[in-house]
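**Q** Mind looking over this structure? Questions follow.
Laboratory data are not the source of any read-out in this text; all were calculated from the coordinates shown. Here the structure is a predicted model, which is why all the values come from computation and not from measurement. Counting neighbours? That spans all protein chains shown, and the Cβs are built from the backbone with ideal geometry, glycine included.
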């Protein structure tokens, strides 16, 4: 399948305004759509971004999609696993696929939800194609792109996380009560993951990009590049057997993903954080309508603090005991948190850390105090947080 000529596919194509023509170490420029022509303008932007970032085009012969179905669905796309048929040796059915395919969920060009999803995919592309992030160790990598056969809609090919999302990784290799983090191997593993996530956020924030939806499901855990080069990605690496002997960074790498709600180069210097309600900062949950870039970064920081907590608590922070262990939904949980006193989450998180052994306890206490303050100006920057971890590692 040849690269589509979008101008021939869609009539009355106009040149898109306010779209970045080049990339630098600064933040990606904003894109503004005429909402009546978002499909036309959006696809032209996709084409331009991918060309500028030199992202490989994959036709039907280059990518074989698994027939077994998808991995899951994000907020803007369905995700299926697939084989990279450029490999000399064809993978056997028992081996893990090495790429994922992201496709816009809806195919109706006039569908308002489809148009919204397309805009979210464009946000993701702006981030993934931004030069300081293009090959960043802690940002999921865009490997290629293609087009749907029946409609001019993009398909993104991304690297596959061998160990899935952070909750999936934790449930497989750290299915323990928090008391288990008295063992060096376990809390050091959590620390390595937390530092990877922070390093990814640091790269975004340095480019004045706010992730906009920091939560465990948007953290992917991959086999480290060193292990991939040794072809250990062809067999599931048994972290349970290794128990993190040596340097944890040599085994796995955590990467940020799903940038459909990201914010950058904001008009008038401000914007609105969306995120996922249970993982949002108090100022987001309380409907603060307009936040500066620095305040938006502090929203990422609060959500990061909840992820740190979740990383040592089997992928979650909310404690059923807070609501007397009664079955409840997210709406009820959110109401409970909103009605709690200021810094309730910080104090509860510190109680969890109290159960740690003496060595990791001060470190994780500092991390939560830097991130989970109800008042945003009391939270540290992502650089402060990395310094805390590095000081402990040294």
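**Q** Would you compute the Debye intensity of the stretch 335-375 from its alpha-carbon atoms alone, equal scatterers and no solvent, and pass along log10 I(q)/I(0) at q = 0.25, 0.27, 0.31 Å⁻¹ to two decimals?
**A** At q = 0.25, 0.27, 0.31 Å⁻¹ the computed log10 ratios are -0.80, -0.88, -1.03.
**Q** Could you work out the percent of alpha carbon pairs in the stretch 256-394 separated by over 22 Å, rounded to a whole number?
**A** Of the Cα pairs, 41 percent sit more than 22 Å apart.
**Q** With a 10 Å Cβ neighbour count serving as the proxy for reagent exposure, in which order, fewest first, do 130, 377, 392 appear?
**A** Listing 130, 377, 392 from fewest to most nearby Cβ atoms yields 377, 392, 130.
**Q** Give me the one-decimal Kirkwood hydrodynamic radius in Å for the stretch 117-176, with the sum taken over alpha-carbon pairs.
**A** 13.6 Å
**Q** Further question: Could you give me the percent of Cα pairs per 10 Å distance bin for the stretch 265-321, shortest bin first, beginning at zero and ending with the bin that holds the maximum distance?
**A** Cα pair-distance distribution for the stretch 265-321, in percent: 24, 46, 23, 8, 1.
**Q** Also, quick follow-up: Based on the mean of other Cβ atoms within 10 Å per residue, sort peptides 290-297, 314-321 so the most packed one is first.
**A** For the peptides 290-297, 314-321, the packing ranking is 290-297, 314-321.
**Q** For the peptides 305-311, 188-194, what is the packing order when you average, over each peptide's residues, the other Cβ atoms within 10 Å and list the highest mean first?
**A** 305-311, 188-194
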